[in-house]
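Working notes, beginning with the structure itself.
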Amino acid sequence: MTGVLICDDDAAIRRILRAVIALRPSLDAVGEAGDGNEAVSEARRLQPDVILLDLAMPNRTGLDALDELGEVAPHAAAIAFSGFSPASGAGEVR
């Protein structure tokens, strides 16, 4: 069984990801985190195989937490994602 830690500040997105993971018998959503600090704490505690990581979270972004996640859960694969949209201008480099 592959343990997955879901990290996103939006509870609805976490529920959707948990439901999708539940469709795969080989995957198990082992925990959730709502910000980058909680992601590091939960990764340390749970030692997941995979970390689904939103890049834009409050308190500490997923990008800012990435190095420490690698230290506290070195065997975990991190899959980063973001809801930034070019139309919103969010994350735009100027």
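Give me the dipole magnitude in Debye, nearest 20, for the chain about the Cα centre, with unit charges on the beta carbon: positive for Lys and Arg, negative for Asp and Glu.
Magnitude of the dipole: close to 260 debye.
State the percentage of accessible surface on the chain attributable to carbon and sulfur atoms; use a 1.4 Å probe and exclude ligands, DNA and RNA.
Using a 1.4 Å probe with all protein chains present, the chain comes out at 55 percent carbon and sulfur.
Just subtract the alpha-carbon distance of residue 24 and residue 64 from 0.36 nm times their residue separation and send over the number in nm, one decimal.
Roughly 11.4 nm would be gained on extension.
Find, to one decimal place in angstroms, the Kirkwood hydrodynamic radius of the chain, where the mean of 1/r is taken over every pair of different Cα atoms and then inverted.
Computed over the chain, the radius equals 13.3 Å.
Given a 1.4 Å probe, how much area per residue of the chain is accessible, in Å²?
Here the per-residue accessible area is 58 Å².
With the crude spin-label approximation of a point 7 Å out along Cα→Cβ, what separation in nm comes out for residue 81 versus residue 15?
1.7 nm
The values are calculated or read from the model by the stated rules, or taken from the named source; none is laboratory data. Just so it is clear, the structure is predicted and the values come from calculations on it, not from any experiment. Quick reminder, even Gly has a Cβ in these numbers, built from the backbone with ideal geometry, and neighbours come from all protein chains shown. The protein model used for the area step is the full one, side chains on, heavy atoms only, and it has no ligands, DNA or RNA in it. Shrake-Rupley method; radii C 1.70, N 1.55, O 1.52, S 1.80 Å.
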